[in-house]
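The values are calculated or read from the model by the stated rules, or taken from the named source; none is laboratory data. Because the structure is predicted, anything quoted here is derived from the model rather than measured. We place every Cβ from the backbone using ideal geometry, glycine too, and count neighbours over all the protein chains shown.
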Amino acid sequence: MIKDRFLDSIKSRFSMIKFTLLVFTRNISSTLGLAIVLIYVIIALIDQFYPPLLGLTNISKLSLNFTQTLPQPPSYAHPFGTTYPGIDLYHAILKAIRVDIGFSGFVTVGAAFIGVMIGLVSAYYGKWLDTIVMRITDIFFSIPYLVLAIAIGFFLGRSLVILSLALMIIWWPIYARVVRGQVLSIKEYSYIEAARASGVRNIKIMFKHVLPNTLAPVFVQFSFDLAVVVLVIATLDFIGFTPANAYLPELGYLSYIGYEYAVNGYWWTILFPGLAIMIYAMGMNLVGDGLRDALDPRLRR
């Protein structure tokens with residue numbers, strides 16, 4: 001009996017996932033977005049585990065060439081050209097894709113975990129705890145996140161690691177608000193009241209019955225934030241958050257060191273890093289739109 005119920009539960013969940021994927025792939029734009037994101041992820045994984053397949057050697061830093069510091073136009077040897085000081089943009093962008101995806105994933109996963117846990121506990125127990133947590137989130141929302149990230153970097157240090165931790169601290173209130181709204185509604189359902197009346201512990205109710213029903217909007221928000229965080233990291237690096245002459249393999253930093261030369265006619269120094277950022281952000285936003293539609297109960301009927 002128990003085994004049959006377990007198998008029925010697995011089949012039901014598999015059917016729901018299959019139907020969600022079907023709804024998602026019906027949308028051509030979201031499928032295109034998924035293809036773009038998968039290409040970026042594959043590049044990042046190859047770069048991490050087998051870089052020679054992409055023609056890379058040292059994946060942790062940019063290769064400099066001080067014998068030819070001025071940018072060179074795209075050619076057979078350098079498909080995307082070079083930027084100062086002699087950095088091959090093709091290899092640099094491949095390295096930067098891994099760094100940007102890795103750091104944006106680290107920031108978004110960390111912020112989502114913190115925000116989901118805080119929002120879940122805050123909304124479920126309510127009262128003074130919920131009031132305090134919501135006032136804290138109001139404080140975070142009242143400060144522009146770029147200003148707050150720069151301020152944290154000023155006190156803790158200017159590096160990608162510090163930048164990622166700063167963004168994680170800034171980003172969790174978004175998820176806390178999303179989950180809180182869901183929990184406030186779900187905890188009033190009759191099956192939650194029945195679980196409480198039967199003596200089920202609050203911790204079990206929260207994580208077994210409430211949390212799974214709050215994750216749909218979290219996944220949608222997560223997909224959008226993967227794009228936004230990449231743009232924020234690139235923006236902060238572009239305006240000089242990281243130390244000068246660090247030569248980091250990061251798309252915003254590549255745009256930063258190429259900007260001065262781009263205005264003098266070396267257009268490729270900013271075009272290709274900018275396109276790499278734009279295409280990834282567009283892909284993630286298309287995926288987010290597709291997830292939002294696929295998880296919308298009105299469109300699943």
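Assorted remarks:
- Within segment 181-192, being touching a residue at least 60 places away in the same chain (Cβ under 8 Å) and either surrounded by fewer than 19 Cβ atoms within 10 Å (Cβ to Cβ) or not in a helix (DSSP H, G or I) (or both) holds for LEU184, LYS187.
- Top-ranked residue of segment 263-283 - restricted to ones that are surrounded by 15 or more Cβ atoms within 10 Å (Cβ to Cβ) and part of a loop (DSSP other than H, G, I, E, B), ranked as nearest to the chain's Cα centre (by Cα): TRP267
- LEU62 being buried (at least 18 other Cβ atoms within 10 Å of the Cβ) and outside any helix (DSSP H, G or I): yes
- Subset of segment 110-157 [over 30 Å from ARG196 (Cβ atoms) and either touching a helix residue (DSSP H, G or I) at 6+ places or on another chain (Cβ under 7 Å) or in contact (Cβ under 8 Å) with a residue 12 or more places away in the chain (or both)]: GLY110, ALA111, PHE140, PHE141, TYR145, LEU146, LEU148, ALA149, ILE150, ILE152, GLY153, LEU156
- Applying the criterion of being of a type outside the set (S, T, N, Q) and closer than 14 Å to TYR261 by Cβ to the residues of segment 46-73, the residue that is modelled with the highest pLDDT is PRO73.
- Answer residue from segment 117-130, given it is surrounded by fewer than 23 Cβ atoms within 10 Å (Cβ to Cβ) and either among the β-branched types (Val, Ile, Thr) or touching an Asp or Glu at 6+ places or on another chain (Cβ under 8 Å) (or both) and is farthest from GLU250 (Cα to Cα) among those: VAL121
- Hits in segment 249-262 - residues which are more than 15 Å from PRO85 (Cβ to Cβ) and crowded, with 21+ Cβ neighbours inside 10 Å: GLU250, LEU251, GLY252, SER255
- Under the condition of being loosely packed, with under 15 Cβ neighbours inside 10 Å and assigned to a loop (DSSP other than H, G, I, E, B), the residues counted in segment 33-59 number 4.
- Look at segment 158-180: where a residue is on the phi > 0 side of the Ramachandran plot, no partner that is part of a helix (DSSP H, G or I) sits 6+ places away or on another chain with Cβ atoms under 7 Å.
- Scan of segment 232-248 for residues that are under 18 Å from the mean Cα position of the chain (by Cα) and crowded, with 19+ Cβ neighbours inside 10 Å, ordered by number: VAL232, ILE233, ALA234, LEU236, ASP237
- Among residues of segment 29-41 that are over 11 Å from MET284 (Cα atoms), none has a Cβ under 7 angstrom from a residue that is not in a helix (DSSP H, G or I) at a sequence gap of 6+ or on a separate chain.
- Residues of segment 134-175 satisfying the condition of being over 15 Å from the mean Cα position of the chain (by Cα) and aromatic (Phe, Trp, Tyr): PHE140, PHE141, TYR145, PHE154, PHE155
- Selection over segment 112-149 of residues that are assigned to a helix (DSSP H, G or I) and over 23 Å from LYS204 (Cα atoms) gives a count of 16.
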